[in-house]
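Below is one structure; the comments refer to it alone.
The values are calculated or read from the model by the stated rules, or taken from the named source; none is laboratory data. Please read all numbers here as calculations on a predicted model, not as lab measurements. Don't worry about glycine lacking a Cβ; one is built from the backbone with ideal geometry, like all the others, and counts go over all protein chains shown.
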Amino acid sequence: MHPSAPDLRSRPHGAIVPAYQAASTLAGVISGLIPAISRPDILVVDDGSTDGTARVGEALGVTVLRHPANRGKGAALMTGLLHARDARGWEWAFTVDADGQHDAADLEGFLSMRPHPETGMVVGARARAGTAMPWHRRFSNATTTWLVSRLAGRPVHDAQSGYRAYRLDIVAALPREGRFEWESEALIRASRAGYGIEKVPVRTVYGDQGSHMDLWRDSARFLRMAARAAHQTPWTR
């Protein structure tokens, strides 16, 4: 936090919602964002859905970009970040998952941030202890966050959180493709490129939403990414 810096509310910004098979939850997510972010500044990236996800976004008057086939969450995020930087001229983009597991009220914490000039990313950090987060997710989150922090050379606060703010001039440092491992790799790459990582607290929200994550396949992708990162640069404290 940098007291003399302008807050993110005063800088050109918008929200990116990567979405796959999210027709049943997307309207609620968009409706939650609208009080804080105008419809034209909400960007949905439909990652090859077949359930009418894009139609939901279009009916609500937000911009929808579409992948003809599913390419993964990371690819959807990169499509949105590049569009936000190159076509919209935003300085910052907030990313919000389409499954309803992020509380739109927590966006106020991001908007009020006064990040340090060297900060490239603000992570919405969830509490683990004493929350509704299932035990296996608490374990996974703690383990992943520890490992990604070691690889990044600094604390990353919550490696699995998709609720984030990206400073858009860091996009060149980020991977162009990826699935669920992309968000962890983005933290590592941003940190190694010299950008700071800050955090804001966000609520832990769990309902009856399903997950598109394949436990074994996506875990293997994460481990391959971590092995590449460990090989490229020594771990640091």
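Structure notes:
- Applying a threshold of 7 Å to beta carbon distances and a minimum spacing of six or more residues, or different chains, the list of pairs starting in the range 91-107 at a residue that is aromatic (F, W, Y) and ending at one that is surrounded by fewer than 19 Cβ atoms within 10 Å (Cβ to Cβ) and part of a loop (DSSP other than H, G, I, E, B) reads W92/R11.
Conditions (1) crowded, with 22+ Cβ neighbours inside 10 Å; (2) modelled with pLDDT of 95 or more, marked per residue:
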| position | (1), (2) |
| --- | --- |
| G61 | no, yes |
| L77 | yes, yes |
| A104 | no, no |
| A127 | no, no |
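- Subset of the range 165-188 [touching a helix residue (DSSP H, G or I) at 6+ places or on another chain (Cβ under 8 Å), crowded, with 20+ Cβ neighbours inside 10 Å and basic (K, R)]: R179
- S191 among the polar types (S, T, N, Q), surrounded by 15 or more Cβ atoms within 10 Å (Cβ to Cβ), modelled with pLDDT of 90 or more and farther than 16 Å from G74 by Cα: yes
- Any hit, the range 155-165, residues being free of Cβ contacts under 8 Å to residues at least 24 places away in the same chain and outside any loop (DSSP other than H, G, I, E, B): no
- Residues of the range 59-81 satisfying the condition of being without any contact (Cβ under 8 Å) to a residue 40 or more places away in the chain, assigned to a helix (DSSP H, G or I) and touching a strand residue (DSSP E or B) at 6+ places or on another chain (Cβ under 8 Å): T79
- Of all residues in the range 143-170, those being within 21 Å of A98 (Cβ to Cβ) and either acidic (D, E) or at pLDDT 95 or above (or both) number 6.
- Within the set G14, G57, G32, the sole residue that is of a type outside the set (A, V, I, L, M, F, W, C) and farther than 20 Å from V200 by Cβ turns out to be G57.
- Subset of the range 11-38 (residues that are of a type outside the set (F, W, Y) and either assigned to a loop (DSSP other than H, G, I, E, B) or at pLDDT below 95 (or both)): R11, P12, Q21, A22, A23, S24, T25, I34, P35, A36, I37, S38
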